[in-house]
Amino acid sequence: MFKTLITTIALFASAAAFAGPVNINTANAETLDAELNGVGPVTAERIVAYREANGPFANAEQIMQVKGIGERTLEKNAQDILVK
């Protein structure tokens, strides 16, 4: 049981360590959900809907205009958000 727990924790830690930068102007909802810490499927869909309604994000901070994204979520993902 203990080995299983340690293995599970190690897998989650390694997955988080390999999360790469994501371009919030081109990523689909599935990618946003998988790559951004604290962003689930509903918020990921909101990001895509916002982008479709308002055009591409001009900067990373603009993502806070999306319902469900605040300063803490932006701070957690600052190194992984690309805007190109």
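Computed from the coordinates by the stated procedures, all read-outs in this text should not be read as laboratory data. On a predicted model such as this, the values are computed, not experimentally measured, just so you know. Note: ideal-geometry Cβ built from the backbone for every residue, glycine included; neighbour counts use all protein chains shown.
Of the candidates Gln65, Gln79, the single residue that is under 14 Å from the mean Cα position of the chain (by Cα) and farther than 16 Å from Asn28 by Cβ is Gln79.
If you go through segment 40-67 and keep only what is in a loop (DSSP other than H, G, I, E, B) and either farther than 19 Å from Gly20 by Cα or in contact with a Lys or Arg (Cβ under 9 Å, 6 or more places away or on another chain) (or both), you end up with Gly55, Pro56, Phe57, Ala58, Val66, Lys67.
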